[in-house]
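**Q** There's a structure below that I have some questions on.
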Amino acid sequence: MSGYIQYSSLSRAEQDNRFEAVRASGSRASTKDSEGGSYPDPSYSTIKSTKTPSPVIPLLRPILILLLGVLLALGHHLFNAYADRKPIDFMRSASQINRIGTAFAVGFKSALATSLSFVLFQLVWLSFRRKFMTFSEIDDVYLVANRDAVATFFSLTILNSPLLVITAALSFALPITTVLTPSSLRVTPHTITDLSMPCQVPTGNLTNGGRGSTLYLTGGWGYWTGTTPLAQKLATSTFVGQEILSLPQPCGSNCTFSVSLPSFAFQCQEGVQLPAGMGGTPGMIWDEPFWNATTTQDPTLSPDPITSFYVFWKSTTQSGTNGTALCTVGAAQYDFTVQTTNGQQIVTYTVTHTGDLPDTQPPADQGLSMEQWSNTLQLFSIAAATRSLLLGTISVMHGASTETPKFASSATSAAFFDPSVDSGTDFTWGNVARGIEQLSYNVSAAILTMDLGMQESSCAVTRQDIVFAYDRLNLWLPYGIALLAVALCLVLGILVFLRLNPENLSPTFSDTVGITRNSSLNAFAWGDGGLTDSKRKSRIRFRLGELKSGGTGFGMREDLKLE
């Protein structure tokens, strides 16, 4: 049974009360009796909006989602600030901390990407309203809006919709924040210092030494006559290498303490006039000195422990130094600070020269107590033992046919001598005067290694913990850039929505159906008009706009109301 069915109107109030059918004329042939609900021929119907939707909800959703991203970034910041400077064991493991940071970063990225979805589809409608496009170009625009990487980066969509492609590319860059921001909380050693710990430190008081710590020898009247092997060992151990011996660690391997003690010190004046003969006398056969150190006292007499001494040195290389000096022995006050970190010790000090050492005359003649005299004899021995390491001559005997080096001094073991030229007849000296003074300072510091008793003091105990360190720049630089970029895109999307998308079109199925229902589009899609598919895709272009037949939809130039 056949018949004709006439349609005059169509209502969609049952669905969403948003669209109504525009009256259409014409008939449709039916090959069988009408049964059930009928529908109009889409070739002859158009759709238009009859209700202006409220813009509040569509705008509020992406804004709230962006605010959620801001809150996640603040949450990540607050968590890092809470973990900052806390020991690594305040949670189960460092990997658990990293997982929490990654969770914040992933949530942040997801929130911003979701907020960008609103912008992408607003830019889709902007692109459709501004330019006529072929079906394939329209397809690419939809693919870019759905974040298809191939369509975004390997198509010509950027020529038709540059803002859309740039926004889609930004969404692809958002995962970078999940890589960069977790590193804002890293593990690092942290030094903690306690300045209030009481401890016992060496006294350095030479009068406190018992048997086995005496450094001097005396004659029948109590005069100083020489040094003990202990004094010579103390000086020699510091002389070789020119380093301060390892000092006691009264408060462990991470400790700092200070101590003061009186001692001796050398002071050297350079460029002095030497006694005759110290520099050698050239001849056919002669002894050429390259080091010569001698006391100012009569060489036939036993040297006094506080006697000054002359020094002459000469180098055979251009990198070495030449010179003369007069070095005196005096009293000095030392203030040492000994810092030990993980077993590695650093000793710093200040030296205050306090004048001359007491004379070697009997203590009663100088008004010294026996305790003061004992301390003076100890300093005499240390000074004399240190000076003896420098006295003597190093020379080369120039014979008729040979040159013979002669080493009558241990000065070649000093730090200011460069032993790299190992020929036996070549010598390179450094800063000799400063080296001699430094030697006396180091020997004085070595007094603290002697068993001379302990005294109460306060130590700064230092320990190193492994803690978390929060680098705010590493967190807020990627988060800030991402938030700024997405916020600007969202402002652009809102402007497009308010000015160019009054119908509040969305990528829903109902809106897609609404804007694709017109006779021209149907003829194109169904192959009407005698055009092949390839020609249609390459020649016919469509644009979104107000149709002449009423409503909003895609149409060719002749279908649209163009301003």
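The values are calculated or read from the model by the stated rules, or taken from the named source; none is laboratory data. Predicted, not measured: the structure shown is a model, and the values here were computed from it. Because the Cβ atoms are built from the backbone with ideal geometry, glycine has one as well, and the counts that use them run over all protein chains shown. For the accessible areas, the whole protein counts, side chains as well, though only heavy atoms, and no ligand, DNA or RNA atoms are used. Shrake-Rupley method; radii C 1.70, N 1.55, O 1.52, S 1.80 Å.
**Q** In nm², what is the average projected area of the convex hull enclosing the Cα atoms of the range 229-382?
**A** 13.5 nm²
**Q** Using the Cα gyration tensor of the range 315-391, with a ≥ b ≥ c the square roots of its eigenvalues, what is the shape: rounded (a/c below 1.5), prolate (a/b larger than b/c) or oblate (neither)?
**A** Verdict is oblate for the range 315-391.
**Q** Can you give the extra length, in nm with one decimal, that the chain gains between K131 and V106 once fully stretched, where that is 0.36 nm per residue apart less the Cα-Cα distance?
**A** Additional length available on full extension: 5.3 nm.
**Q** Moving to a separate point now. Whole Å is fine, so just give me how far the alpha carbon centre of the range 314-364 lies from that of the range 459-502.
**A** If you average the Cα positions of each part, the centres end up 58 Å apart.
**Q** Based on the alpha-carbon set only, what is the convex hull volume of the range 225-274 divided per residue, in Å³?
**A** Spread over its residues, the Cα hull of the range 225-274 gives 196 Å³ apiece.
**Q** Counting only residues 5 or more places away or on other chains, whose amide H sits under 5 Å from the amide H of M197 once H atoms are built in the peptide plane?
**A** Long-range HN contacts for M197: C459, V461.
**Q** Loop-only check: which chymotrypsin sites (Phe, Trp or Tyr not before Pro) in the range 126-185 are DSSP coil with at most 11 other Cβ within 10 angstrom?
**A** F154
**Q** Next question. From the gyration tensor of the Cα coordinates in the range 101-189, what semi-axes in whole Å does the equivalent ellipsoid have, largest first, with each one equal to sqrt(5λ)?
**A** Whole-Å semi-axes of the equivalent ellipsoid: 33, 12, 9.
**Q** Through the Karplus equation 6.51 cos²θ - 1.76 cosθ + 1.60, θ set to phi - 60°, convert the phi angles of the range 265-272 into ³J(HN,Hα) values in whole Hz; use x for Gly and Pro.
**A** These are the phi-based 3J(HN,Hα) values: 7, 8, 10, 10, 10, 8, x, 8 Hz.
**Q** Here is a follow-up. Please report the carbon-and-sulfur percent of the accessible area for the range 54-169; probe 1.4 Å, protein heavy atoms only, DNA, RNA and ligands left out.
**A** Reported share for carbon and sulfur atoms: 68 percent.
**Q** Could you check the spin-label model distance between D356 and L492? Points 7 Å from the Cα along Cα→Cβ, value in nm.
**A** The answer from the label model is 9.0 nm.
**Q** Right, another one. What ³J(HN,Hα) values, in whole Hz, does the Karplus curve 6.51 cos²θ - 1.76 cosθ + 1.60 give for the range 110-124 when θ = phi - 60°, with x put for Gly and Pro?
**A** So the Karplus estimates, Gly and Pro as x, are 5, 5, 5, 5, 5, 5, 5, 4, 4, 5, 4, 7, 5, 6, 4 Hz.
**Q** Here's a follow-up. For the range 397-439, report the accessible area per residue in Å² (1.4 Å probe, heavy atoms, rounded to an integer).
**A** It amounts to 50 Å² per residue over the range 397-439.
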